[in-house]
1. Could you pull the Cα extents of segment 224-306 along its three principal axes, largest to smallest, in whole Å?
2. Percent of accessible area on segment 224-306 owned by carbon and sulfur, 1.4 Å probe?
3. How much net charge surrounds SER136 when only the other residues with a Cβ under 15 Å from the Cβ of SER136 are counted, with Lys and Arg +1 and Asp and Glu -1?
4. Considering only protein heavy atoms, what is the solvent-accessible area of TYR145 at a probe of 1.4 Å, reported in Å² to the nearest 10?
5. For SER283 and VAL114, FRET efficiency with R0 = 51 Å and r from the beta-carbon atoms, rounded to 0.05?
6. Assigning unit charges at the beta carbon (Lys, Arg +1; Asp, Glu -1) and nothing else, what dipole magnitude in debye, to the nearest 20, does segment 224-306 show about its Cα centre?
7. Using 0.36 nm per residue of separation minus the Cα-Cα distance, give me the extension gain between CYS159 and ASN307 in nm, one decimal.
8. Taking 30 Å as the cut-off for C-alpha to C-alpha distance, list the pairs among LYS112/LYS254; LYS98/LYS139; LYS67/LYS139 that go past it.
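The values are calculated or read from the model by the stated rules, or taken from the named source; none is laboratory data. No experiment lies behind these values; they were computed from the predicted model shown. Ideal geometry is used to build each Cβ from the backbone, glycine not excepted, and the neighbour counts take in all protein chains shown. Just so you know, the surface numbers come from the protein's heavy atoms only, side chains and all, with ligands and any DNA or RNA stripped out. Shrake-Rupley method; radii C 1.70, N 1.55, O 1.52, S 1.80 Å.
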Amino acid sequence: MKIPWTSALLWVSLLAPSSLISQTAPAVASGYVGSNTCRTCHPDVWANFYRNPHYKSVASGKEPPAKTGCEGCHGPGAGHVAAGGGPTTIPHAFSLMKPEEIVDDCLQCHVKDVSKANIRRSAHTDANVVCSNCHSIHKSQAPKYLLASAQQRDLCYQCHATVRAQFEMPVKHRVNEGSVQCTDCHNPHGTFAATWRTGQRPRLVTQTSNNEEPCIKCHQDKRGPFVFEHAAVRVDGCETCHMPHGSMNSKLLKRPVTFTVCLECHNGQGNFGRQADGVLLQSAAHNMLDPRFQNCTNCHVRIHGSNADQNFLR
(Lines give C-alpha, C1' and ligand atoms only; values in the text may rest on other atoms or scores of the structure.)
Protein backbone atom coordinates (compact mmCIF):
# COMPACT_ATOMS: atom_id res chain seq x y z
CA MET A 1 0.00 0.00 0.00
CA LYS A 2 1.40 3.36 -1.02
CA ILE A 3 1.26 6.24 1.47
CA PRO A 4 0.40 9.66 -0.04
CA TRP A 5 3.35 12.05 0.10
CA THR A 6 1.33 14.56 2.14
CA SER A 7 0.74 11.95 4.82
CA ALA A 8 4.41 10.98 4.73
CA LEU A 9 5.45 14.60 5.40
CA LEU A 10 3.00 14.75 8.29
CA TRP A 11 4.50 11.63 9.89
CA VAL A 12 8.07 12.93 9.41
CA SER A 13 7.20 16.23 11.07
CA LEU A 14 5.62 14.43 14.01
CA LEU A 15 8.51 11.99 14.45
CA ALA A 16 11.34 14.52 13.83
CA PRO A 17 13.64 15.32 16.76
CA SER A 18 12.90 18.51 18.64
CA SER A 19 16.43 19.77 17.87
CA LEU A 20 15.65 19.75 14.14
CA ILE A 21 12.50 21.79 14.68
CA SER A 22 14.28 24.31 16.92
CA GLN A 23 16.81 25.06 14.19
CA THR A 24 14.11 26.46 11.90
CA ALA A 25 11.95 28.12 14.55
CA PRO A 26 14.06 31.27 15.18
CA ALA A 27 13.82 32.37 11.53
CA VAL A 28 10.03 32.56 11.93
CA ALA A 29 9.91 33.83 15.52
CA SER A 30 12.47 36.58 15.01
CA GLY A 31 9.87 38.88 13.45
CA TYR A 32 11.93 39.98 10.44
CA VAL A 33 9.82 40.27 7.30
CA GLY A 34 12.37 41.63 4.81
CA SER A 35 12.63 44.91 2.91
CA ASN A 36 10.31 43.72 0.13
CA THR A 37 7.46 43.79 2.62
CA CYS A 38 8.35 47.35 3.63
CA ARG A 39 8.28 48.57 0.04
CA THR A 40 4.59 47.65 -0.23
CA CYS A 41 3.57 50.60 1.95
CA HIS A 42 6.65 52.80 1.54
CA PRO A 43 7.28 52.91 -2.22
CA ASP A 44 8.53 56.50 -2.07
CA VAL A 45 11.36 55.47 0.23
CA TRP A 46 12.20 52.28 -1.64
CA ALA A 47 12.20 53.93 -5.09
CA ASN A 48 15.52 55.69 -4.46
CA PHE A 49 16.92 53.41 -1.80
CA TYR A 50 19.23 51.75 -4.32
CA ARG A 51 21.25 55.00 -4.36
CA ASN A 52 21.61 54.93 -0.60
CA PRO A 53 24.89 53.67 0.92
CA HIS A 54 22.79 51.55 3.28
CA TYR A 55 21.54 49.58 0.27
CA LYS A 56 24.83 47.69 0.32
CA SER A 57 23.40 45.52 3.08
CA VAL A 58 20.63 44.43 0.70
CA ALA A 59 22.80 44.09 -2.39
CA SER A 60 25.43 41.90 -0.73
CA GLY A 61 22.90 39.27 0.34
CA LYS A 62 25.32 38.13 3.02
CA GLU A 63 24.14 40.14 6.01
CA PRO A 64 21.83 38.68 8.68
CA PRO A 65 18.23 39.98 8.78
CA ALA A 66 19.08 42.20 11.77
CA LYS A 67 21.56 44.16 9.60
CA THR A 68 19.79 44.12 6.24
CA GLY A 69 17.84 46.95 4.62
CA CYS A 70 15.05 48.71 6.49
CA GLU A 71 15.08 46.35 9.45
CA GLY A 72 18.80 46.87 9.88
CA CYS A 73 17.98 50.30 11.35
CA HIS A 74 14.33 50.04 12.40
CA GLY A 75 14.28 46.54 13.87
CA PRO A 76 11.98 43.58 13.05
CA GLY A 77 8.86 44.70 11.21
CA ALA A 78 6.40 41.87 11.86
CA GLY A 79 4.62 43.79 14.61
CA HIS A 80 4.43 46.90 12.44
CA VAL A 81 2.87 44.91 9.58
CA ALA A 82 0.40 43.12 11.85
CA ALA A 83 -0.74 46.44 13.36
CA GLY A 84 -1.29 47.96 9.94
CA GLY A 85 1.39 50.63 10.38
CA GLY A 86 1.96 53.44 12.84
CA PRO A 87 5.26 54.78 14.24
CA THR A 88 4.61 53.37 17.71
CA THR A 89 4.72 49.83 16.33
CA ILE A 90 8.23 50.29 14.87
CA PRO A 91 10.83 48.96 17.33
CA HIS A 92 13.27 51.74 16.40
CA ALA A 93 11.24 54.74 15.23
CA PHE A 94 13.85 57.49 15.09
CA SER A 95 11.24 60.25 15.37
CA LEU A 96 10.26 58.90 18.79
CA MET A 97 13.70 57.93 20.09
CA LYS A 98 15.87 59.82 22.56
CA PRO A 99 19.10 61.41 21.23
CA GLU A 100 21.37 58.91 22.97
CA GLU A 101 19.34 56.02 21.55
CA ILE A 102 19.77 57.35 18.00
CA VAL A 103 23.54 57.59 18.46
CA ASP A 104 23.64 54.04 19.84
CA ASP A 105 21.71 52.70 16.85
CA CYS A 106 23.93 54.37 14.26
CA LEU A 107 27.10 53.29 16.02
CA GLN A 108 26.14 49.64 15.69
CA CYS A 109 27.60 49.86 12.19
CA HIS A 110 29.56 53.11 12.19
CA VAL A 111 31.57 52.40 15.34
CA LYS A 112 34.29 51.04 13.04
CA ASP A 113 34.78 54.48 11.44
CA VAL A 114 37.75 56.27 13.02
CA SER A 115 36.29 59.67 12.12
CA LYS A 116 33.29 58.93 14.38
CA ALA A 117 35.24 57.50 17.29
CA ASN A 118 34.67 60.58 19.48
CA ILE A 119 31.04 61.26 18.68
CA ARG A 120 29.83 60.49 22.20
CA ARG A 121 31.92 63.31 23.66
CA SER A 122 31.57 65.78 20.82
CA ALA A 123 30.07 69.24 21.30
CA HIS A 124 27.17 68.28 19.03
CA THR A 125 26.22 65.20 21.06
CA ASP A 126 26.52 67.17 24.31
CA ALA A 127 23.98 69.63 22.84
CA ASN A 128 21.63 66.77 21.81
CA VAL A 129 22.41 67.30 18.12
CA VAL A 130 22.57 63.76 16.79
CA CYS A 131 22.85 61.91 13.49
CA SER A 132 19.27 62.40 12.29
CA ASN A 133 19.47 66.18 12.81
CA CYS A 134 22.12 66.53 10.11
CA HIS A 135 21.53 63.46 7.95
CA SER A 136 18.41 62.49 5.99
CA ILE A 137 18.62 58.75 5.46
CA HIS A 138 15.58 58.36 3.22
CA LYS A 139 15.28 61.59 1.23
CA SER A 140 18.65 63.32 1.12
CA GLN A 141 19.19 65.84 -1.69
CA ALA A 142 22.95 66.03 -1.18
CA PRO A 143 25.32 64.16 -3.50
CA LYS A 144 27.38 62.83 -0.58
CA TYR A 145 27.01 61.84 3.07
CA LEU A 146 23.16 61.81 3.05
CA LEU A 147 23.04 65.38 4.35
CA ALA A 148 19.70 66.93 5.24
CA SER A 149 20.50 69.97 3.06
CA ALA A 150 21.76 70.05 -0.50
CA GLN A 151 24.70 72.29 0.54
CA GLN A 152 26.82 71.46 3.55
CA ARG A 153 27.28 75.12 4.53
CA ASP A 154 23.50 75.69 4.63
CA LEU A 155 23.15 72.78 7.03
CA CYS A 156 25.80 74.18 9.38
CA TYR A 157 24.40 77.72 9.13
CA GLN A 158 21.09 76.57 10.61
CA CYS A 159 22.74 76.58 14.04
CA HIS A 160 25.94 78.58 13.50
CA ALA A 161 24.47 81.95 12.53
CA THR A 162 27.40 83.92 13.95
CA VAL A 163 29.83 81.98 11.78
CA ARG A 164 27.67 82.66 8.75
CA ALA A 165 28.00 86.39 9.44
CA GLN A 166 31.79 86.06 9.63
CA PHE A 167 31.86 84.52 6.16
CA GLU A 168 30.21 87.69 4.85
CA MET A 169 33.14 89.86 5.92
CA PRO A 170 35.56 91.40 3.39
CA VAL A 171 38.44 89.03 4.22
CA LYS A 172 37.34 85.43 4.61
CA HIS A 173 37.79 81.82 3.63
CA ARG A 174 35.69 81.13 0.55
CA VAL A 175 33.10 78.81 2.04
CA ASN A 176 30.10 80.57 0.47
CA GLU A 177 31.78 80.34 -2.93
CA GLY A 178 32.26 76.58 -2.55
CA SER A 179 36.06 76.60 -2.55
CA VAL A 180 36.20 75.43 1.08
CA GLN A 181 33.85 73.24 3.08
CA CYS A 182 33.26 73.31 6.83
CA THR A 183 34.48 69.73 7.12
CA ASP A 184 37.82 70.69 5.59
CA CYS A 185 38.68 72.10 9.01
CA HIS A 186 36.08 70.61 11.36
CA ASN A 187 34.99 67.08 12.18
CA PRO A 188 31.31 67.34 13.21
CA HIS A 189 31.48 63.91 14.85
CA GLY A 190 34.12 64.99 17.39
CA THR A 191 37.90 64.99 17.51
CA PHE A 192 40.72 63.72 19.65
CA ALA A 193 42.20 66.02 22.25
CA ALA A 194 44.60 68.45 20.65
CA THR A 195 48.30 68.49 21.40
CA TRP A 196 48.37 72.28 21.01
CA ARG A 197 46.40 74.73 23.12
CA THR A 198 45.95 72.12 25.82
CA GLY A 199 44.23 74.59 28.14
CA GLN A 200 41.38 75.23 25.69
CA ARG A 201 40.00 72.39 23.65
CA PRO A 202 39.33 73.46 20.04
CA ARG A 203 35.80 73.23 18.69
CA LEU A 204 35.64 70.05 16.63
CA VAL A 205 38.81 71.07 14.80
CA THR A 206 40.37 68.30 12.75
CA GLN A 207 44.09 67.81 13.17
CA THR A 208 46.48 66.65 10.48
CA SER A 209 48.42 63.42 10.69
CA ASN A 210 51.18 65.25 12.61
CA ASN A 211 48.81 66.58 15.29
CA GLU A 212 48.80 70.01 13.67
CA GLU A 213 46.03 72.46 12.98
CA PRO A 214 44.05 72.01 9.76
CA CYS A 215 45.40 75.35 8.51
CA ILE A 216 48.62 73.54 7.65
CA LYS A 217 46.84 71.42 5.05
CA CYS A 218 46.61 74.46 2.78
CA HIS A 219 49.25 76.81 4.19
CA GLN A 220 52.08 74.32 3.97
CA ASP A 221 54.80 76.96 3.90
CA LYS A 222 53.94 77.71 7.54
CA ARG A 223 54.41 74.11 8.65
CA GLY A 224 58.10 73.88 9.50
CA PRO A 225 59.78 72.46 11.47
CA PHE A 226 61.84 75.59 12.00
CA VAL A 227 65.12 76.09 13.83
CA PHE A 228 63.67 79.21 15.43
CA GLU A 229 59.98 78.77 16.19
CA HIS A 230 57.47 81.46 17.03
CA ALA A 231 56.04 80.38 20.38
CA ALA A 232 52.61 81.78 19.54
CA VAL A 233 52.36 79.41 16.58
CA ARG A 234 53.79 76.43 18.41
CA VAL A 235 51.78 76.75 21.63
CA ASP A 236 48.57 78.68 20.97
CA GLY A 237 48.14 78.09 17.25
CA CYS A 238 47.02 80.23 14.35
CA GLU A 239 44.01 81.70 16.15
CA THR A 240 46.33 83.72 18.38
CA CYS A 241 46.64 86.29 15.58
CA HIS A 242 44.05 85.30 12.98
CA MET A 243 40.27 85.00 12.79
CA PRO A 244 39.80 81.72 10.91
CA HIS A 245 36.32 82.34 9.45
CA GLY A 246 36.40 85.99 8.45
CA SER A 247 37.70 89.39 9.47
CA MET A 248 37.47 93.07 8.64
CA ASN A 249 41.27 93.20 8.55
CA SER A 250 43.77 92.03 5.97
CA LYS A 251 45.17 88.52 6.31
CA LEU A 252 42.34 87.66 8.71
CA LEU A 253 44.13 89.45 11.54
CA LYS A 254 42.36 90.17 14.81
CA ARG A 255 43.34 93.86 14.78
CA PRO A 256 43.53 96.39 11.95
CA VAL A 257 47.15 97.43 12.66
CA THR A 258 49.89 94.80 12.78
CA PHE A 259 51.82 96.10 15.78
CA THR A 260 48.72 96.02 17.99
CA VAL A 261 48.48 92.29 17.35
CA CYS A 262 52.13 91.79 18.26
CA LEU A 263 51.93 93.91 21.42
CA GLU A 264 49.24 91.66 22.84
CA CYS A 265 52.07 89.27 23.68
CA HIS A 266 55.23 91.35 23.33
CA ASN A 267 54.66 93.47 26.42
CA GLY A 268 57.82 92.60 28.36
CA GLN A 269 55.95 90.59 30.97
CA GLY A 270 56.85 87.22 32.45
CA ASN A 271 60.03 85.31 33.18
CA PHE A 272 59.27 82.03 31.43
CA GLY A 273 61.03 80.42 28.49
CA ARG A 274 64.41 78.80 27.98
CA GLN A 275 66.24 82.02 28.86
CA ALA A 276 63.77 83.19 31.52
CA ASP A 277 63.24 86.45 29.67
CA GLY A 278 59.52 86.05 29.07
CA VAL A 279 58.02 87.71 26.03
CA LEU A 280 60.42 90.30 24.66
CA LEU A 281 59.44 93.94 24.37
CA GLN A 282 60.23 95.81 21.18
CA SER A 283 63.50 97.74 21.03
CA ALA A 284 63.66 101.29 22.39
CA ALA A 285 64.73 102.35 18.89
CA HIS A 286 61.26 101.41 17.66
CA ASN A 287 58.94 104.37 17.98
CA MET A 288 55.54 102.72 17.69
CA LEU A 289 53.96 106.09 16.81
CA ASP A 290 56.04 106.17 13.65
CA PRO A 291 54.14 104.49 10.79
CA ARG A 292 57.29 102.78 9.50
CA PHE A 293 57.51 100.75 12.72
CA GLN A 294 53.82 99.89 12.90
CA ASN A 295 54.01 97.06 10.38
CA CYS A 296 56.29 94.64 12.21
CA THR A 297 56.33 92.13 9.38
CA ASN A 298 58.14 94.58 7.11
CA CYS A 299 61.32 93.46 8.86
CA HIS A 300 60.24 90.33 10.72
CA VAL A 301 59.12 88.65 7.55
CA ARG A 302 59.53 85.07 8.80
CA ILE A 303 57.07 85.60 11.62
CA HIS A 304 55.72 82.04 11.51
CA GLY A 305 59.22 80.58 11.96
CA SER A 306 62.75 80.91 10.62
CA ASN A 307 65.73 78.72 9.92
CA ALA A 308 68.19 81.64 9.84
CA ASP A 309 67.38 84.28 12.45
CA GLN A 310 65.93 84.04 15.95
CA ASN A 311 64.25 87.41 15.48
CA PHE A 312 62.56 86.21 12.28
CA LEU A 313 64.38 88.79 10.14
CA ARG A 314 65.23 88.25 6.50
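1. 37, 31, 21
2. Carbon and sulfur: 58 percent of the exposed surface of segment 224-306.
3. On the way: positive: ARG51, LYS139, LYS144; negative: ASP44, ASP154.
That works out to +1.
4. That residue has around 150 Å² of solvent-accessible surface.
5. With a Förster radius of 51 Å, E is 0.55.
6. Numbers: 7 positive and 6 negative charges, 34 e Å.
Rounded to the nearest 20 debye, it is 160 debye.
7. Numbers: separation 148, 0.36 × 148 = 53.28 nm, distance 4.32 nm.
So the chain would gain 49.0 nm between CYS159 and ASN307.
8. On the way: LYS112/LYS254 40 Å; LYS98/LYS139 21 Å; LYS67/LYS139 20 Å.
In this structure, LYS112/LYS254 lie more than 30 Å apart at Cα.
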